[in-house]
Every structure is written in structure tokens, then in C-alpha cells.
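Asks: Mind having a look at this structure? Questions to follow.
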Amino acid sequence: MLGKEGKVKRSRLLVYMSVLLLLVAAILFGLNIALAGDVLTLGVEDVKAMTSSRGDYRSINNWKTVETTSFKGVSVWGLLEGCGVTDGGASIKISAPDGYFWPALGTTLTVKELKKKGIGGLLPLIGYEMNTKALDPEPDGTGPLRYVAPQYSIGDTNKPSWVSNVRLIEVGPLEKGARPPAVKKIPADQVWVWGNIPPVYPMSMMIPLAFGAAGLAVLLMSLITVIASRSSRRHLRSAVSALLAAFLLAGTALALSGGTARAQASAVFSNGELVSMPAFSGHYTFLKQLPPYSYYEADYTGVPVSYLVNEKLRLAPGASGVVVRARDGYAATLSLEQVNKTYPGGLKLIIAFAKGGQPLAGDEGPLRLIVPQNKQGTRDQGGDANTPLCARLIFAVEVTPVPAGVSVPSPGSVPPGSLAVYGSVTEPPPNVTPAPPPQAQPQADPAQNPAAAAPQPGQAPVPANAVLDLVNSGFGGARGVVSWVAGSAFSLVLPGRAGALLWLAFHRSGV
Amino acid sequence: MARLRLPTSLALLFLVILAIGCGGAGKETQLLQSEKKLAGMYEACKTIKLVDSGVTRTIETDPLGSLPQKEVSAILKRSNGMTIPGTWSGVPLSSVLDAQGVARPFKELKIEAWDGYVGRVGYDIAVLPDTILALTQNKKPIPREDGPVRLVVASQDGFYWVRMLTAIEVLR
């Protein structure tokens, strides 16, 4: 049997051991991140092991030479999906060591476009076999991997889009100042996927995790020892250091889990989703800015922008304003105050989808921004001109500033009638029921505006939901604090890139 | 005892992990086989076949360096919009054709590459002084994978600039 002194020694030893193990785990974890980083290295053999497809690709080059070539390979989007790319709006760039790349300068190629089938139902391919023969690598060949794209119409000059000797696939959106790896330095039998992909955790990642687990086990033992023996100041100190170590470990785990949450695609609400949101109907007045200063009135129904950015999504800290974008390039810039306030007559600023109970006509809809007058009335009555802000053909609501790494949707990427909301917004906490919808404007007559009778969920949150809210926000807050502190600690402890990357991982966990 | 052993065993473990980590390094690439084919291409392109009205002649690229050289500053514009400015020098295509006794005018030249690529250069463009069979690029021999000579058509986009040139057919 050990005496009191022996027990103290043992518990102290255990704490030292656990801290050491955790430190090793942290260092290994950091080293591994630094080594693997944000590049996914695929061997040609890895690509060949993926689900393959074969097709006869018709091509026309700049000389209008028509050829049909048989290729076997993997679909580009399938390959990207395998790398964890889920954002359809992510822009892709495919590069070769001779400097050639696709898409052409000044154009973009998105994952969504790569999913589009061309003539013959063919998809863009990373090919490794041409006319049943393996592609040779350069300097004289076009392989071992070659990007080939089908024609989307029979006269397409598609050959320039083909990229021989594919080595690098860049996945956007990229963070500011991010530098792709030098394509010339990538070995001929590999293809690297780099950019906005989930962090890469190779099998060797299990080693630091094992260390971490061992550290935790020893820590638990020491805690039990401390609790089993009577408390003294020394024990207290041991317990505190053990807790600190546990804190670091929890941070590591959170970094691992949170790091996978990369920059999300903007939320895109389909027309059906928009129409089923709590609608607002009102009798709006309009005054034009230029002579003859026309004035008119109309009933519109739509979704308040304040509902979209405060309840459906949440404004991120630092959100400064809103830009509502139209398909024709027009943009209406609004302050948060304009978005959130209630205008004379109880009117709200809305994205309208119906006018007088009917869907908006093609020249103004399917979606139109409706900004009420600050003072209703004609020019003579002192009304203010609001039509310049009432942009037609709306497709997106941008909350400024747009953080680096967030997809900026193009009009073409948002289906007609759908609405993208992006920028300084975050997802609301999970399982949180949105707050009660804004009350329909009392002047609105449901008989005249059938859309005003759109389903309006629970007027007040039921108590059970309130409790859930509290639990969620409490958990979210604690998680945020833990990962922030742990992230900062790691970035201080670990030198250079490893620290920075870890910090990034924490940052990306949505904290 | 335990205190003494702990750091030692940890250090050992660390070394083992390092050894495992280094195991995957040093893969070989399959370029060697390709290099052989490249050499074959380069040899084949040293002699350019010239076909005119059913008569086949040959243009040897080695002596081209001793003919009067023309330097061309141009921008190579590739099909994806990227631009590569540079200086190319070599022998004007028109003087090579003249030396071979190709009668003017002709309709166009069908220019073939070793890899099967085919370009068609009309008479007006073929006889321009800055349409050359280039031997150097930026004062250095043109890259070996482009062949001994490369067609440089300063007035046109990159798809005219045929690499690995092996044959010219005169179409009338």
C-alpha cells in the first residue's frame, strides 16, 4: 500500500504524463495539418479506381476539324464530390504543367456546369484512356490524365476546353491571397485537388488521435486518483492543470469536427420555399424619380427582407448593409435600417412574388424588390421617389460585406423565381423555430390578396421550443468559447503555418 | 524508474512515427519511357515532308540555321485566352518554299504535326514576312517538346502556331 506521499507523487506523475501525451498529440496534429494542408493528392491509380465511364466525345477545334474520340475516365464532378466538394457554385480551374488551363480567361466553370450533360448524355471527364489505350504522360503525350468536355450543341468549338496533362484542379471560392501549388512541381503520376475542399485528414492522422486518447485516459486516471485522495493545495493544482489539458483536447476534437464546415454556398430559396414563408401583403404607393413624376398604387405580396436576414438566416456580426441584385445587373443598395424598419402604413420592405394576388409578370418578376415610400404621396404631397430602389428581376440578396471564401452566385446559377441570400449571414442555430412571422399589414384585404392567406406558423413559440432554444444557444456559446480559446492557444503554441491553419480550422467551425 | 523511462519511450515512439511518415516518400514517375518517345519525335521532325502537285520533297531542319534569320516579336495567344509574349527567330516560311521551288501563288498550305494536329494556312498569311519556321524562342532553342522547328504566325492566334511540324502539303 502506498502512503499519502506516494499517492501524491503518483497523481502528479499521471498529470505530467497526460499533459505530455496531449502535447505530443497536439504537435503531431499540427505537423500533420502542415504536411497535408488543403491539398488532396490523388495518384493516377486512385483516379482509375473510381467509378469510371466511357464515351465517344465529338470535338471541333479552332480549324473546325471535327473528330470523335473515345475516352474512359471519371466524371469531374464525381471526382470532386469524392473530394468532399458539395458546393454547386464552386468555381473550378483545371491546369497543366505547360501553363494551359480551363476555363478560358475571364470565364468561370462551376461544379453545377460540370454536372450538365452534353450531346450524347456525356459529362466532362478526367480521362485516362483514349481509344482504349492508356494516355501517355507528356512531354509527348496528353496524359496520364486529360480533361475532356462534350459538346453542348452540335457546332460547339469545344476542343480548346480540353486540357492535356491535368495536374491540378483548383476549387473555389479561394481565400484572398491564396496561392495554388506550382503545377510544374506536381509529379506526373498525380493530380492535386486544391482550394476550398474539406481539410485533408490522412490515415496518419490516427496517430495523434491515439496519443490524444491515451492522454485523456491517463488524465481520467489522475483525476480519479486526485478525487480518491483527500484534497490538498497540491492536488488542486494537479486538477487545474488536468482540466487545462482536457480543455486543449476538447479544442482539438472541436477543430477536427468544425474544420469540415467550410465556406457554405449561399442559401438559395426556391420559389416554392419563398411562397410558403410567412408572407406580407400591403397596399404600396410608388413615386418615380424623373419627370413627369408618375405616382401609382398597387397591392404586393412577398417575403420581408428582414425576415430573410434575421430569422430565416442570421446577420453575421459586422453585417453593414444589403444589396439586392437583379438579373439585368441592376443593384439596389439598402441600409440595415431600411431593411428592418416599419414604414408609414405599417408597410415592410419585401421581395414581392405576387401583385394583386397574381404572380408577377415576366418583365418585373418572378421577384421584385418593393421599398415603401418614407412619406406616402405624390411629389406635390411631399412624397419621396422610391421606384429607383424597387428593382425588378431580383435573384439575390447580398448582405455586405461578403466574407472571403463565400460563393457569389451569378444570375445564371439561380433558377428563375429562386432567391439567393449570401454574404454576412449565417445559418440559424439548429432546431430553432423562427420567431413569429411578421403580422400581415392590417390594410391588406385577404379576399383581394389570396397570397396573404399563405400559411403562417405558430404565432408564439411553445415553451418546449423556448427551452430548446436556450439549450442550443447555450451549447453554441460554450462551444464557441472553447474552440476560440483553444484555437488561439494552438496558434500561439504552434509555429508558422501549422498554427495559422489550425486557427483557420477553428475560424471555419463557424465561431 | 517510471520517470526515467517515460521520456525515453516517448522519444522512441516519436522516432517510429517519423519513420512511418517518411515511408511514402520518393515515388518514381514514368517519364523515362516518354523521354524515349520524345527523342523519336524530335528525330522524325528533323526532316519535314513537302508535298506539292504530287511531288514529294524534304526540308532538312538542320541547315535552316545557316540561312538568313528573321526575328519576330509577337504574342502567342492560346485558345483559353492566355497570352505569352516573346521573341522568335528563324527562317521566313516563304523563303523556304521559294528555295524548294514551290510556285506562287497557291491556295493554302496544309501543315501537319507529328501528333496528328493539322493546320491550314492560306496563301496571304503563308507569305507574310513574319510567318516563320522558328528555331529559337527568346534567344534559346525552342523547347524540345515542340520539335526542332515550330511554325510561328505572328499575325494569327496560337492555333496557327503548329508544333512538332512534320509535313507541309501545298494545295492549289
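Read-outs: derived from the displayed coordinates by stated rules, not from any lab. Keep in mind it's a predicted model, so treat the numbers as computed, not measured. Glycine gets a Cβ as well: all are built from the backbone with ideal geometry, and neighbour counts include every protein chain shown.
Asks: Using r as the Cβ-Cβ distance of A:L244 and B:L12, and R0 as 25 Å, what FRET efficiency do you calculate, to the nearest 0.05?
Replies: FRET efficiency, A:L244 to B:L12: 0.40.
Asks: Let me ask something additional. Could you work out, residue by residue across A:185-198, how many beta carbons of other chains sit within 10 Å of that residue's beta carbon, and then give the average as an integer?
Replies: 1
Asks: Return the long-range amide H neighbours of A:Y152 (sequence gap of 5 or more, or a different chain), with a cut-off of under 5 Å between placed amide H atoms.
Replies: A:I119
Asks: Determine ³J(HN,Hα), in whole Hz, for all residues of the stretch A:105-120 in sequence, where each value follows from phi through the Karplus function 6.51 cos²θ - 1.76 cosθ + 1.60 and θ = phi - 60°; x replaces Gly and Pro.
Replies: Once rounded to whole Hz, the list reads 3, x, 10, 10, 9, 9, 4, 4, 5, 6, 7, 6, 7, x, 4, x.
Asks: At R0 = 51 Å, how high is the FRET efficiency between B:A103 and A:T387 if r is their beta carbon distance? Nearest 0.05 is fine. Numbers along the way, then the final one.
Replies: Numbers: r = 72 Å, r/R0 = 1.41.
That pair, B:A103 with A:T387, gives E of 0.10.
Asks: Net charge near A:T333: determine it from the other residues with C-beta under 11 Å of the C-beta of A:T333, scoring Lys and Arg +1 and Asp and Glu -1.
Replies: With Lys, Arg at +1 and Asp, Glu at -1, the neighbours total 0.
Asks: Amide H neighbours of A:E138 under 5 Å, at least 5 residues apart or on other chains, H built in the peptide plane: list them.
Replies: Amide H to amide H, under 5 Å and 5 or more residues apart or across chains, A:E138 pairs with A:G143.
Asks: Where does each of A:E311, B:E71 land when they are ranked from fewest to most other beta-carbon atoms within 10 angstrom?
Replies: Fewest-to-most Cβ neighbours within 10 Å comes out as B:E71, A:E311.
Asks: Sort A:L334, B:L13, A:L168 by Cβ crowding within 10 Å, fewest neighbours at the top.
Replies: So the ranking, lowest neighbour count to highest, is B:L13, A:L334, A:L168.
Asks: Which of B:W88, A:W102 has the fewest other C-beta atoms within 10 Å, and how do the rest follow up to the most?
Replies: Ascending number of Cβ neighbours within 10 Å: A:W102, B:W88.
Asks: Another question about this same structure. In nm, give the distance between the simple-model label positions of A:Q289 and A:A182, each being 7 Å from the Cα along the Cα-to-Cβ direction.
Replies: 5.2 nm
Asks: A further question follows. For A:K117, list the aspartates and glutamates whose Cα falls under 15 Å from its own Cα; do not include residues on the same chain fewer than 8 positions away.
Replies: Filter leaves A:D56, A:D156.
Asks: If I model a spin label as a point 7 Å beyond the Cα along the Cα-Cβ vector, how far apart are those points for A:E297 and A:T69 in nm?
Replies: Distance between the two pseudo-spin positions: 6.8 nm.
Asks: The stretch B:108-124 to the stretch A:362-391: how many Å between their Cα centroids?
Replies: 62 Å
Asks: A further question follows. Taking the simple approach of a point 7 Å from Cα along Cα-to-Cβ for both A:A214 and B:T83, what is their distance in nm?
Replies: Label at A:A214, label at B:T83, 6.0 nm between them.
Asks: Cut-off under 20 Å on the C-alpha distance; same-chain residues fewer than 8 positions from B:K107 excluded. Which lysines are left, in chain and number order?
Replies: A:K64, B:K49
Asks: Still on this model: Can you give the average number of partner chain beta-carbon atoms within 10 Å of each beta-carbon in peptide B:157-165, as a whole number? Walk me through the intermediate numbers first.
Replies: Working: counts 1, 2, 5, 2, 0, 0, 0, 1, 0.
Across B:157-165, the average partner-chain Cβ count within 10 Å equals 1.
Asks: Hey, another quick one. Please tell me which of these pairs span more than 32 angstrom C-alpha to C-alpha: A:K176/A:K355; A:K159/A:K185; B:K36/B:K139?
Replies: Details: A:K176/A:K355 42 Å; A:K159/A:K185 26 Å; B:K36/B:K139 26 Å.
Those over the limit are A:K176/A:K355.
Asks: Which lysines have a Cα lying under 17 Å from the Cα of A:K184, excluding residues fewer than 8 positions away in the same chain?
Replies: Partners found: A:K93, B:K27.
Asks: So, one more: Rounded to the nearest 0.05, what FRET efficiency is calculated for A:Y152 and A:E337 with R0 set to 51 Å and r the Cβ-Cβ distance?
Replies: 0.65
Asks: Can you tell me the dipole magnitude for the stretch B:23-172 around its Cα centre, using point charges on the Cβ only (Lys, Arg +1; Asp, Glu -1), in Debye to the nearest 20? It would help to have the intermediate numbers written out before the result.
Replies: Details: 19 positive and 17 negative charges, 28 e Å.
Taking the Cα centre of the stretch B:23-172 as origin, the dipole is about 140 debye.
Asks: Among rounded, prolate and oblate, which fits the stretch A:75-170 when a ≥ b ≥ c are the square roots of the eigenvalues of its C-alpha gyration tensor, a/c under 1.5 means rounded, and a/b larger than b/c means prolate?
Replies: Working: a/c = 1.40, a/b = 1.23, b/c = 1.14.
Since a/c stays below 1.5, the shape of the stretch A:75-170 is classed as rounded.
Asks: Would you mind pulling out the separation of the Cα centroids of the stretch A:49-96 and the stretch B:129-146, in Å?
Replies: Computed from Cα coordinates, the inter-centre distance equals 33 Å.
Asks: Taking the Cα centroid of the stretch A:261-330 and of the stretch A:127-147, what is the distance between the two, rounded to the nearest whole Å?
Replies: Taking the Cα centre of the stretch A:127-147 as reference, the centre of the stretch A:261-330 is 50 Å away.
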